[in-house]
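Enquirer: Here it is, the structure, as structure tokens.
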Amino acid sequence: MRFLILSQYFHPEIGAAQVRLAAMAHALQQQGHEVEVVTAMPNYPTGRIFPEYRGRWYQREQWEGMTVHRYWSYAATGAGAKRMLNYLSFMFIALLGMRHAQKPDYVFVESPPLFLGITGYLYARRWGVPFIFNVADLWPDSVKALGFMRDGWLLRSLEALEAWIYRKAAFVNAVTEGVYELLQQEKQLPPDKVLFLPNGVDTDIFYPRPPDEALRQRLNLPTHQHLLLYAGTHGYAHGMETLLAAAQLVRELPIVFLLVGGGSEKAALQQQAQALQLDNVIFLAPRPPAEIAPLYSIATAGVSTLRGEPLFDSVRPVKILANMACGRPVIYSGRGEGAALVRQANAGPIVPPNDAQALAQAIRDLLANPAQQAEYGDNGRRYVLSHLQWSAVVSRWLQQLQAATTHHE
């Protein structure tokens, strides 16, 4: 089969969506399918188009055996009018992809942004093929729940657009079990229209390896200190203020917190760490997966935090999968599906969200028990190999897709 992936975000950008789509595309290729990509000029997370892509409206390139078509969009970060213009500009300009791309068997649309569903529908209608709408974040539900948008004509319009896209899509993908259930129960989509494509992990990149002591030296980390690694987006949903508060509570211990990534909250977090004089916290810029994996080799454990709002109960952070694949325990601050996954794998301690005291105590207890660290790490690695390798995740999804397509014919 031939798939066209339509996404505003893609490699070489670094982020959860970018890593997920690249891994999924690789898995499709490995199973004998063809993949083509239509995306924007890379600009995430800085909101500035990368230097090597500036001054161009269109660029065609080959990446890992697939053709990637890149188009200009108005680059911006954060929320508000500029971010909306960022979404809308790509929605319109990406229509040029129908001229440059080949006819696929399926159009695969990544959301958010929600507006890209319009472009995907037009692609599919022109070519007479089904389009698959991949719901990585329930939008506009999330912006409404977080108070970023009030009730009014704009929100009602977005909700109407969401419902229209769900009607026009041949299939709607859910990336978590919570979203899978919500799409059927609250959004009232037919069960045979909803597919399950959860996040997986590339075990060829993330695997247990000997400590990279040269890397430790480059980061100026003393050998006698424990390293706790947070590798992922620094956004509102992640509630990393709790992590900084816990770091303050364990300052007497030989621990360094290494926070790798970018996001809307990073500048504020850096200011908070400076105000608290947290000399046990180090921030690093985003890094690609191949550079994150060696960091786990020198980490005692990984840390993942989420806020306690019900909206985030259906979130399954990608970072915990990489953490488990590398054979390191996960210290999880949160609830819902992410906590359930760590609990099912028995891959690390779980504490309530927004509770710095509980997180600090979990850190103390884990560092005092090397045997428990090893057991959690082994458990996580086994669970990933059994359930969450990308090859297996995509294979199961293709079986769903083929069965659902046959049913609709």
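The values are calculated or read from the model by the stated rules, or taken from the named source; none is laboratory data. A quick note: this is a predicted structure, and the numbers were derived from the prediction, not measured. Here the Cβ positions follow ideal geometry from the backbone for every residue, glycine too, while neighbour counts run over all protein chains shown.
Enquirer: If you go through segment 110-132 one residue at a time, how many are crowded, with 24+ Cβ neighbours inside 10 Å and closer than 24 Å to Pro310 by Cβ?
Expert: Selection size over segment 110-132: 1.
Enquirer: Can I ask one more? Check segment 140-162 and report whether any residue there is closer than 25 Å to Leu4 by Cα, aromatic (Phe, Trp, Tyr) and either crowded, with 16+ Cβ neighbours inside 10 Å or not assigned by TED's automatic domain parsing to the domain that holds Pro329 (or both).
Expert: No - not one qualifying residue is present in segment 140-162.
Enquirer: Out of Arg343, Arg287, which single residue is surrounded by fewer than 22 Cβ atoms within 10 Å (Cβ to Cβ), out of contact with any Pro (no Cβ under 7 Å at 6 or more places or on another chain) and farther than 30 Å from Thr46 by Cβ?
Expert: Of the residues listed, the single one that is surrounded by fewer than 22 Cβ atoms within 10 Å (Cβ to Cβ), out of contact with any Pro (no Cβ under 7 Å at 6 or more places or on another chain) and farther than 30 Å from Thr46 by Cβ is Arg343.
Enquirer: Which residues, taken from segment 341-380, are closer than 27 Å to Val175 by Cβ and either outside the structural domain of Gly239 (by TED's automatic domain parsing) or touching a Lys or Arg at 6+ places or on another chain (Cβ under 9 Å) (or both)?
Expert: Those that are closer than 27 Å to Val175 by Cβ and either outside the structural domain of Gly239 (by TED's automatic domain parsing) or touching a Lys or Arg at 6+ places or on another chain (Cβ under 9 Å) (or both): Leu341, Ala345, Ala347, Gly348, Ile350, Pro352, Pro353, Asn354, Tyr376, Gly377, Gly380.
Enquirer: Right, another one. Does Ile5 satisfy being closer than 25 Å to Arg287 by Cβ, touching a strand residue (DSSP E or B) at 6+ places or on another chain (Cβ under 9 Å) and β-branched (Val, Ile, Thr)?
Expert: Considered against the rule, which asks whether it is closer than 25 Å to Arg287 by Cβ, touching a strand residue (DSSP E or B) at 6+ places or on another chain (Cβ under 9 Å) and β-branched (Val, Ile, Thr), Ile5 comes out as yes.
Enquirer: Within segment 307-321, work out how many residues are modelled with pLDDT under 95 and aliphatic (A, V, I, L, M).
Expert: Residues that pass the stated criteria total 3.
Enquirer: Sort out for me the strands (runs of 3 or more DSSP E) sitting completely within segment 23-77 that have 1 or more residues that are buried (at least 16 other Cβ atoms within 10 Å of the Cβ).
Expert: Once the strands (runs of 3 or more DSSP E) in segment 23-77 are filtered for at least 1 residues that are buried (at least 16 other Cβ atoms within 10 Å of the Cβ), what remains is 34-40, 66-71.
Enquirer: What's the number of the only condition in (1) assigned to a loop (DSSP other than H, G, I, E, B); (2) crowded, with 20+ Cβ neighbours inside 10 Å that Asn354 fails to meet?
Expert: Going through the list (1) assigned to a loop (DSSP other than H, G, I, E, B); (2) crowded, with 20+ Cβ neighbours inside 10 Å, Asn354 breaks only (2).
Enquirer: Which residues, taken from segment 258-279, are crowded, with 19+ Cβ neighbours inside 10 Å and over 16 Å from Gly239 (Cβ atoms)?
Expert: Leu258, Val260, Gly262 - these are the residues of segment 258-279 that are crowded, with 19+ Cβ neighbours inside 10 Å and over 16 Å from Gly239 (Cβ atoms).
Enquirer: Additional query: Go through segment 215-243 and report how many residues are in contact (Cβ under 8 Å) with a residue 60 or more places away in the chain and touching a strand residue (DSSP E or B) at 6+ places or on another chain (Cβ under 7 Å).
Expert: Going through segment 215-243 one residue at a time, the tally reaches 12.
Enquirer: Moving on. Go through (1) touching a Lys or Arg at 6+ places or on another chain (Cβ under 9 Å); (2) at pLDDT 90 or above for Ser7 and report which single condition fails.
Expert: (1)
Residue by residue, here is whether (1) assigned by TED's automatic domain parsing to the domain that holds Glu110; (2) more than 16 Å from Phe10 (Cβ to Cβ); (3) touching a strand residue (DSSP E or B) at 6+ places or on another chain (Cβ under 9 Å) holds:
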| position | (1), (2), (3) |
| --- | --- |
| Asn43 | yes, no, no |
| Pro51 | yes, yes, no |
| Gly55 | yes, yes, no |
| Gln62 | yes, no, yes |
| Gly65 | yes, no, yes |
| Val68 | yes, no, yes |
| Tyr71 | yes, no, yes |
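Enquirer: Sticking with this structure for a sec: Looking for whichever is touching a residue at least 24 places away in the same chain (Cβ under 8 Å) and either in contact with a Cys (Cβ under 8 Å, 6 or more places away or on another chain) or under 24 Å from Ala403 (Cβ atoms) (or both) here; the options are Asp192, Asp212. Which one fits?
Expert: Asp192
Enquirer: Is it true that Ala76 is farther than 30 Å from Met1 by Cβ and either of a type in the set (Gly, Ala, Ser) or more than 24 Å from the chain's Cα centre (by Cα) (or both)?
Expert: Yes; evaluated as a whole, the condition is true for this residue.
Enquirer: If you check Ala293 against the conditions, is it in contact with a Cys (Cβ under 9 Å, 6 or more places away or on another chain), among the aliphatic types (A, V, I, L, M) and either buried (at least 21 other Cβ atoms within 10 Å of the Cβ) or farther than 20 Å from Ala371 by Cβ (or both)?
Expert: Here the answer is yes, as Ala293 does meet what is asked.
Enquirer: Hey, does segment 91-106 have a residue that's of a type in the set (A, V, I, L, M, F, W, C) and within 19 Å of the chain's Cα centre (by Cα)?
Expert: no
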